[in-house]
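A.B. asks: This is the structure, below, for whatever I ask next.
The values are calculated or read from the model by the stated rules, or taken from the named source; none is laboratory data. Just so you know, these numbers come straight off a predicted model, no measurement behind them. Cβ coordinates were reconstructed from backbone atoms using ideal geometry, including for glycine residues, and neighbour counts include every protein chain displayed. For accessibility, only protein heavy atoms count, side chains too; no ligands or nucleic acids. Shrake-Rupley method; radii C 1.70, N 1.55, O 1.52, S 1.80 Å.
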Amino acid sequence: MTGRAATVRAVAIAILTATAAGSLLMIVAGASPVALWRQLFASALGDGASVGQVLFRATPLVFTGLAVAVPLRAGLFNIGGEGQLTAAALACAVVAAALPAELPAVLAIAVAVVVAMAAGAAVGAATGALRVYRGAHEVIVAILLNTIIGGVALWLGNRGLFVGESTRTRTIAPALQLPDLGLAGSSASVSVVGAIAAAVVVAWLFARTTVGFGWQMAGRGLEAARAAGLAVDRARVSAMATAGAMAGLAGAHFVLGHKHAYEDGLGRGVGFVGVAVALLAQGRPLAIIASALLFGALAQGGLGVTGDVPKEMVDVLQAVIVLVAAASLGRRKP
């Protein structure tokens, strides 16, 4: 069985197992599984507004899923999406609000997006450099950086970036705000297109470039890659920097396409869900789009059944999907 077929089989098993687990939870809660599953699907896909909300929820998950997938190919695990997203969102909001009004909107948006990617990449590169050159484990470093960046962002905000007594920066100019998709008043914006484009670019990097080849060789064996003459250390740091840039795009999505400012707690949890999205997709960039849509649909559909079952049910379903997918793929022969 090919790797792709094994991935599809594992994901199918994971979804079926999660469906069974969810049905059991509904029965325990005293509700009808058939009625609740119908209600969940209707809440996620019942009309244009619901579909738009699924797209809105899936968009940042594609970015943070890619932020995990790239280092995975290089043998690293990026759990620092939260900090990278926070640093990027704050930098994006501050720079976008300070840009001169006479700057063309397209150029101003490009500048804000580049700043967000650079801020996220800087955090990711720092994590990778500490791992490669100092031997500090990237997971421990990322967890600490998540906490530090969250605290520093709040401190900087309170020191003058927040407006008045709020925990929110200045609102960016309307010209810099990404337009909505117009799906029945949903929050989906054109950043959906950016998420798809990012997945395609990462897939192209993996398949067609020496950079992607270097990442994959580093992930398959450091000593063998070094013996082949690859700059392994540089490849691993660049993988983490690219991951940070992807998480930075999630921050730009929230600032330019949703809140139009930075506020404390913006995008909280998206970085961690991105880990699940990437693991379910087995790090395949294009599969991450489908994985993110599944998690987005579960989150949106879960809102429609919270009155009948515990709201944590969706979290349990997501965890079951990832656990079963990981267990199924872990049994594959190399």
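A.B. asks: Looking at the chain, do any whole DSSP H helices span at least 20 angstrom along their long axis by alpha carbon and average -0.5 or above on Kyte-Doolittle, and which?
C.D. replies: Taking the DSSP H segments of the chain (at least 20 Å long, mean hydropathy at least -0.5), we get 3-28, 48-73, 81-98, 105-134, 138-156, 191-208, 232-254, 285-302, 313-330.
A.B. asks: Counting only trypsin sites (Lys or Arg not before Pro) that are in a DSSP loop and have at most 13 other C-beta atoms within 10 Å, tell me the longest site-free stretch of the chain.
C.D. replies: Answer - 1-267.
A.B. asks: Go ahead and set up a Gaussian network model of the chain, Cα springs under 10 Å, then flag whichever of Gly124, Gly269, Gly65 fluctuates most.
C.D. replies: Maximum among the listed residues: Gly269.
A.B. asks: A follow-up question, please. May I ask for the distance between the Cα centers of segment 242-307 and segment 130-153, given as a whole number of Å?
C.D. replies: 21 Å
A.B. asks: Next question. Scan the chain and report its longest stretch carrying no GluC sites (Glu not before Pro) that are both in a DSSP loop and have at most 13 other Cβ atoms within 10 Å.
C.D. replies: Between the exposed loop sites, the longest stretch runs 166-311.
A.B. asks: For segment 168-320, restrict the atom set to alpha-carbon positions and state the Rg and Dmax in Å.
C.D. replies: Cα-based Rg and Dmax for segment 168-320 come out at 18.6, 59 Å.
A.B. asks: Apply 1/(1 + (r/R0)^6) to the Cβ-Cβ distance of Ala197 and Ser166, taking R0 = 51 Å, and write down the FRET efficiency to the nearest 0.05.
C.D. replies: With a Förster radius of 51 Å, E is 0.90.
A.B. asks: Under a GNM of the chain (C-alpha, springs under 10 Å), which listed residue has the highest mean-square fluctuation: Val201, Val115, Val28?
C.D. replies: With Cα springs under 10 Å in the chain, the top fluctuation among Val201, Val115, Val28 is at Val28.
A.B. asks: Taking segment 233-275 as the region of interest, what is the percent of Cα-Cα pairs per 10 angstrom bin, listed from the shortest bin to the one with the maximum distance?
C.D. replies: 26, 46, 22, 6
A.B. asks: What residue among Ala89, Ala153, Ala116 has the largest mean-square fluctuation in a Gaussian network model of the chain, using Cα springs under 10 Å?
C.D. replies: Of Ala89, Ala153, Ala116, the Gaussian network model singles out Ala153 as fluctuating most.
A.B. asks: Then there is this: Per residue, how much accessible surface does segment 28-68 expose to a 1.4 Å probe? Answer in Å², no decimals.
C.D. replies: 39 Å²
A.B. asks: For the chain, what is the mean residue ellipticity at 222 nm derived from helices alone (per DSSP H run of n ≥ 4: -39500 (n - 2.57); sum divided by total residues; nearest 500 deg cm²/dmol)?
C.D. replies: -24000 deg cm²/dmol
A.B. asks: Send over the per residue convex hull volume for the chain, Cα only, as a whole number of Å³.
C.D. replies: Cα-based convex hull of the chain, divided per residue, equals 148 Å³.
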